[in-house]
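Step one of this worksheet: look at the structure below.
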Amino acid sequence: MSVVSEPFADSLESIRVPHTLLEDALGYVTSIVVTSLGLYLIQSVGAVTGGTAGLSLLVSYWTGLPFEVLFVLVNLPFFGLALSKKGIGFTLRSLGCVIAVSAMTRVHADLLPLDGLDTVYGVVAGNLLVGLGLLVIFRHGASLGGFNVLALLLQERLNIRAGYVQMGLDVSVILLALFLVSPATVLLSALGAVVLNIILAFNHRPGRYLA
């Protein structure tokens, strides 16, 4: 496997063209809509995914509390880490995106009833959409909190791909689902998490994207 040398990495950094405010705004809107739709598909078939979204879904199934509320609450402790390691700008952008994704998940539920949605389709398509949404938001200098923050920090500090870090954490969350959903649904959820993290691992790496 080839490794990008430091001089070449420095040259890539020197030609990096920052996003404009409009480009960032459009990126956030795209990520929010796509990610929330993916989470809604997963929720509609009673499945789970990894990360804090998966934890929020599990707690929602267990307690009956709204996912959109739990997703914000579960992520709050991780924003302390983001604030200390990534700064106030990154933290506020990420917090705003988490709140917006939570709200849009509720909007999808109100405007797009999905009774009878096929479970396999919901899990695979949902995780595919979440993966694409995360990829967009990472490239615009934000995250959706939780494990995403930790994964990005490890990639930046230790050069470990964010997708691989996220995959390991996601496995732990999905295993917890065995206590609340059927084994078949857990297996499908694991497949969906693999789809999500392959998208990140193959596309979100240092030097791959210059903007």
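Key figures
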{"quantity": "For the chain, accessible area per residue (1.4 Å probe, heavy atoms of protein chains only), Å²", "calculated": "49 Å²"}
{"quantity": "Efficiency of FRET from Cβ geometry, residue 107 and residue 23, R₀ 22 Å, rounded to 0.05", "calculated": "0.35"}
{"quantity": "Mean separation of Cα contacts under 8 Å (6+ apart) over length of the chain, as relative contact order %", "calculated": "34 percent"}
{"quantity": "Residue-by-residue Karplus 3J(HN,Hα) for the range 70-82, coefficients 6.51, -1.76, 1.60, Hz, glycine and proline x", "calculated": "5, 4, 5, 5, 5, 7, 3, x, 6, 6, x, 5, 4"}
{"quantity": "For residue 55, solvent-accessible area (1.4 Å; no DNA, RNA or ligand), Å²", "calculated": "50 Å²"}
{"quantity": "Inter-probe distance in nm under a simple model that places probes 7 Å from Cα toward Cβ, at residue 117 and residue 179", "calculated": "2.6 nm"}
{"quantity": "Where trypsin sites (Lys or Arg not before Pro) in DSSP loops with at most 12 other Cβ within 10 Å are excluded, longest remaining stretch of the chain", "calculated": "17-207"}
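The values are calculated or read from the model by the stated rules, or taken from the named source; none is laboratory data. Just so we're clear, the structure is a prediction, and the values are computed from it rather than from any experiment. Note that we place each Cβ from the backbone using ideal geometry, even for glycine, and neighbour counts take in every protein chain shown. In case anyone asks, the SASA skips ligands and DNA or RNA and just uses the protein heavy atoms, side chains included. Shrake-Rupley method; radii C 1.70, N 1.55, O 1.52, S 1.80 Å.
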